[in-house]
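Some notes on the structure that comes next.
Here, each number is a calculation from the coordinates, and none is a lab measurement. This is a predicted model, so every value here is computed, not measured. When we count neighbours, we look across all protein chains shown, and the Cβ atoms used for this are built from the backbone with ideal geometry, even at glycine.
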Amino acid sequence: MSRPTLFFLHALGSSGAQWQEVIAHLDQRYDCHALDLPGFGDNPVQNHTDVASLVQWFRQVVIDSGASSWLVVGHSMGAKIATLTAARADAGDAGLAGLCGVVLLAGSPPAREPMDASRRKDMLGWVERGSISRRDADTFVSANTAGPLPERLRERAIQDVMRADPVAWRAWLEHGSREDWREEAGRLAFPACIIAGAEDGDLGAQAQRDLNLPHYAAAQEVRVLAHAAHFLPYEKPLEVASEIDALATAALGRALPDDFLSLLNTSRVDPRMRARLIARNLPPDPQAAGVLNQAQRQVLAAIVAQVVDSSEGADELAHRIDIALAAGEGDGWRFAELPPDKDAWIAGLASVDALAGGFCHRTAAEQASLLGQIQRHELAVGAASPLDPDQLALWFEDACAQIARVWTSLPRTMAKMGYDGFAVARDGELALGYALTGANEVEAWQLGARRV
Amino acid sequence: MSNPACVDAVVVGSGAGGGPLAARLARAGLSVLVLEAGARFAPADHLPDELESSLYWMEERLSGGRTPTAFGPNNSGTGMGGSTLHWGAFCPRPDARDLALRSHHAVGEDWPIAHQELVDYLREVEATIGVAGPSPYPWDPGRAYAYAPPRRNAPAEAMARGCAAIGVTATDAPAALVTQDREQPFLGRRLACANCGACHQGCFNGAKAGSDTSWLPMAQAHGATLQAGARVIDIELDARGRVTGVVYRLEDRNVRQRCQALFLCAGGIETPRLLLNLGLANSSGQVGRNFMAHVATQVWGRFDASMRMNRGYPSSLISEDMLRPADADFAGGYLIQSLGVQPVTLANSLVRGAGLWGAELVSVLQDYNHLAGIGINGECLPGENNVLTLAAEEDDFGMKRARVDFSFNDNEQALDVHAQRTLRQIWEAAGARDIFAVARSAHTLGTCRMGTDRSRAVVDADGRSFDIDNLYICDNSTFPSAMAANPALTQMALSLRTADRFLAA
């Protein structure tokens with residue numbers, strides 16, 4: 001895998017330069033791209049003044065960078081762009097499949113950003129006669145920091161405010177920050193970390209809980225940084241870097257191989273297919289209801305680890321199966337000897353656990369041996385087993401089939417198999433299938449083409 | 001609510017049984033309403049995603065017996081177009097000998113229809129839907145196909161090699177797809193097959209022939225109404241026991257539709273299930289009996305070469321040499337086909353058909369790009385023990401669920417042994433290693449069979465109920481014997497014939 005990329009999206013009136021102190025802690029491990037948003041830093045505003053065009057601009061930056069696996073860190077205004085770009089990735093837009101995680105710092109939410117009306121009026125007043133004056137910039141920086149910044153940083157922050165394009169400044173305050181994108185943002189499965197400054201105002205911890213957290217299924221409680229207000233990258237660079245690193249490290253554990261991601265990003269993949277594969281590569285919603293209790297889920301995870309010969313991802317796979325059981329997603333039939341799926345799974349897991357005298361406490365070899373006996377109808381079951389040997393063997397077949405089905409449908413399994421059959425689609429009047437079908441024939445676009 | 005207009009024909013189901021029939025009746029000027037339980041799809045709706053289940057009949061069925069047959073994905077369809085949305089499009093014609101099993105072997109049943117009459121309809125079906133295949137066809141030299149065969153994939157090449165080595169004739173399979181762009185009457189342009197390999201997930205460019213890309217547009221152009229999402233829950237009769245109409249659920253309301261004639265084309269499970277639930281058309285006691293599923297054994301192996309079997313039309317090679325093997329100790333025979341199987345479907349087969357799990361399963365699956373298989377579609381005789389009955393539990397419509405008991409009996413077991421031996425020989429000769437078999441059965445046949453004797457059959461040769469003279473059945477449930485040929489093409493021919501007989505009556 002190539003080095004993962006971090007994209008940094010700054011706050012209103014700032015620039016990519018705001019991340020220097022954060023990036024100093026990260027650039028050993030990541031390719032760090034601190035971007036200037038349109039109208040800030042050295043980037044001309046062009047027409048990128050509303051949220052949709054800012055998201056489109058950022059998507060193009062990601063594509064042009066050639067990044068494979070990447071995360072986005074959004075601060076304040078940049079956070080709204082980050083979240084809505086993640087929503088486009090979730091919807092299957094080409095070029096965004098490599099998104100692994102999102103970090104929001106004092107993030108502007110998909111909803112209308114809460115902003116005190118008089119403060120908005122003052123800030124709009126600063127650009128009435130052109131660029132922002134040093135005095136107003138100084139006021140702005142002071143208002144957004146909990147204590148005095150080191151002079152060098154303070155000067156950099158002030159200079160950035162002063163060189164903000166009044167068009168971009170005004171557009172964000174009057175429109176961008178007030179656009180309501182809650183529905184489009186939806187509930188995202190990307191690993192996410194949401195950070196607030198303890199002394200921030202409108203975008204403090206409560207606003208983050210109310211307005212950003214609900215959009216991220218996998219995010220834990222909002223992280224609150226003490227003695228900090230809104231300019232978190234300036235105020236707490238080490239803490240911010242360490243949060244980013246922690247999230248990125250965890251999130252990149254599920255990153256897909258580079259060649260798989262580049263194929264996933266091409267027009268050979270239907271956006272709806274891309275969206276499904278992206279979703280399957282992300283953790284299931286922790287709040288999605290299942291039917292199994294904790295102990296049953298653990299037995300299932302142990303069986304999963306046996307059936308796919310690896311404990312990696314076994315808990316998640318067990319969770320996916322549990323969610324499907326709760327949703328009543330069957331496979332269209334069942335053995336006549338078994339009760340309906342939900343009951344059969346609960347009884348099957350109880351039987352396996354009873355026969356093992358605690359399945360999770362057995363060694364892997366003992367577990368494998370027991371499951372083999374179950375498959376061969378060899379076990380004399382006691383009263384503690386709800387299913388008889390024949391039923392248990394049938395249930396184990398069902399369980400193996402369901403586990404194998406879910407496992408095989410995961411993008412990382414497809415990648416390991418070198419399977420690229422998802423990359424066939426109708427693209428306008430073109431039907432993109434395979435031009436070559438014979439043994440040892442591989443097209444240049446296919447997975448593993450270079451290895452052959 | 002009630003639809004006051006009485007239509008000439010209500011057709012329940014829109015697949016290989018309902019589609020051709022609806023087109024034929026509508027073209028003759030009849031008012032036709034097609035009721036389809038599933039959704040309506042355009043080709044562009046289909047994705048190459050094996051987890052997509054909207055094309056499959058996913059409501060629970062119970063499967064018993066010694067060799068329970070699997071339902072759900074790849075065995076029962078739903079949606080406007082029925083099972084032809086997901087079918088493999090493998091479309092051999094039935095062999096004349098398979099229609100006369102009882103005459104030749106004193107087992108199974110003869111078909112009450114002459115083979116030549118069926119062939120005339122088969123030709124018409126092939127011309128209407130567009131079929132690719134080899135011309136001439138080795139086992140029927142006079143036969144020609146309108147389209148050149150699709151590209152062979154790696155499993156087909158291997159099968160050709162293996163068959164040649166052991167003296168078995170094999171060639172490109174007849175496939176219901178177009179290999180050149182085609183202007184389909186009443187529909188528009190169908191693009192040439194792109195060799196994407198996702199036939200079972202629905203064809204995204206309309207290259208594959210289905211009821212949805214041929215018969216249903218024709219039916220609609222001739223005035224038929226196609227109603228998706230309509231689930232028939234009742235059949236109404238008059239005092240004399242003739243059908244007066246149906247009641248179907250549409251979203252959250254019940255709709256009553258009067259009709260002059262009713263055609264049940266809901267497939268080998270749902271048609272008998274509906275009749276048993278309503279207690280209709282069963283004076284013979286044969287509704288649900290004689291369930292047959294083809295012996296569909298597969299043999300797999302690993303190849304040194306990269307096979308990437310998901311590419312190309314999946315079943316691109318066929319052999320009919322085993323329709324009557326010289327050394328057979330069973331009645332009937334089987335077709336051999338090469339297999340390209342997508343990963344999730346393969347995983348399911350490995351688990352259920354070969355008992356694999358753990359390191360063994362993972363090792364085979366991770367070698368996906370080097371795997372290839374061949375399989376059969378083999379005769380199944382009706383058996384006393386193979387029967388569809390109603391389970392105690394009910395579905396969301398208050399209808400009892402189907403329970404299907406199915407066991408390979410002596411003939412199926414003997415055929416299976418013979419087939420495994422042949423397939424292994426071919427695969428060894430093709431250079432496969434680590435060869436293993438996967439047990440399977442496929443298709444749902446015979447549960448309302450046709451015949452000449454009203455005490456032994458549910459419908460006559462025209463598909464007309466012996467008990468209710470304006471009730472017809474037109475789907476796989478009427479097959480008197482399984483035949484080795486995959487059923488959809490024959491079903492479409494039967495459908496046209498039923499329509500013609502109805503119109504002539």
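Results, tabulated for the structure shown:
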read-out	value
Share, in percent, of DSSP beta bridges within the protein assembly as shown that are antiparallel, nearest 5	55
Sorted by Cβ density within 10 Å, fewest first, the residues A:MET123, A:MET414	A:MET123, A:MET414
Computed over segment B:338-460: relative contact order in percent, which uses C-alpha pairs under 8 Å that are six or more apart	23
Spin-label pair A:GLN206/A:ALA52, simplified geometry with 7 Å Cα→Cβ offset, distance in nm	3.4
Estimated 222 nm signal from helices in chain B, with DSSP H stretches of n ≥ 4 weighted -39500 (n - 2.57), rounded to 500	-7500 deg cm²/dmol
Cα-based helix-to-principal-axis angle, B:410-430 vs chain B, degrees rounded to 10	40
Separation between Cα centres of segment A:133-200 and segment B:480-505, rounded to whole Å	72
Charge dipole magnitude, Cβ of K and R +1, D and E -1 - segment B:360-505, Cα centre, debye nearest 20	320
Sorted by Cβ density within 10 Å, fewest first, the residues A:LYS342, A:LYS236, A:LYS80	A:LYS342, A:LYS236, A:LYS80
Modelled FRET efficiency - R0 41 Å, A:ASP390 with A:ARG112, Cβ distances, 0.05 increments	0.10
Long-range amide H partners of A:LEU188 with built H, under 5 Å	A:TYR216, A:ALA217
Volume per residue of the C-alpha convex hull in chain B, rounded to whole Å³	133
Taking the convex hull of Cα positions in segment B:1-71, its mean projected area over all directions (nm²)	8.1
Peptide B:357-368 - average C-beta neighbours from other chains (10 Å radius)	6
Share antiparallel - DSSP beta bridges, chain B, percent rounded to 5	70
10 Å Cβ neighbours from other chains, averaged over peptide B:302-312	6
Two-decimal ratio, segment B:130-276, of alpha-carbon radius of gyration to 2.2 N^0.38 Å	1.46
Whole-Å semi-axes of the protein assembly as shown's equivalent ellipsoid (Cα gyration tensor)	58, 31, 28
Label-point separation in nm, A:ARG29 to B:ALA504, each point 7 Å along Cα→Cβ	8.0
Förster-model FRET efficiency, 56 Å R0, B:GLU393 and A:LYS121, C-beta, rounded to 0.05	0.25
Fraction of alpha-carbon pairs over 25 Å apart in segment A:349-452 - percent	48
Structure-based [θ]222 nm, chain A - -39500 (n - 2.57) summed over DSSP H runs of at least 4, per residue, nearest 500	-13000 deg cm²/dmol
Average partner coverage of B:38-48, which counts Cβ from other chains inside 10 Å	2
5 angstrom amide H check on B:ARG40, placed H, neighbours 5+ away	B:MET80
Two-site label geometry, B:SER407 and B:GLN366: point separation in nm, points 7 Å out along Cα→Cβ	4.1
Contact order normalised by residue count of chain B, Cα under 8 Å, 6+ apart, percent	24
Per-selection Kirkwood Rh - segment B:206-360 (Cα, Å, 1 d.p.)	20.9
Sorted by Cβ neighbour density within 10 Å, fewest at the top, the residues B:PHE303, B:PHE466, B:PHE397	B:PHE397, B:PHE466, B:PHE303
Relative contact order, percent, segment A:192-293 [alpha-carbon distance under 8 Å, six or more residues apart]	25
Estimated translational D of segment A:243-369 in µm²/s (Stokes, Kirkwood radius over Cα pairs; 37 °C; 0.692 mPa s)	193
Cut-off under 5 Å, modelled amide H: who pairs with A:VAL45 long-range	A:GLY39
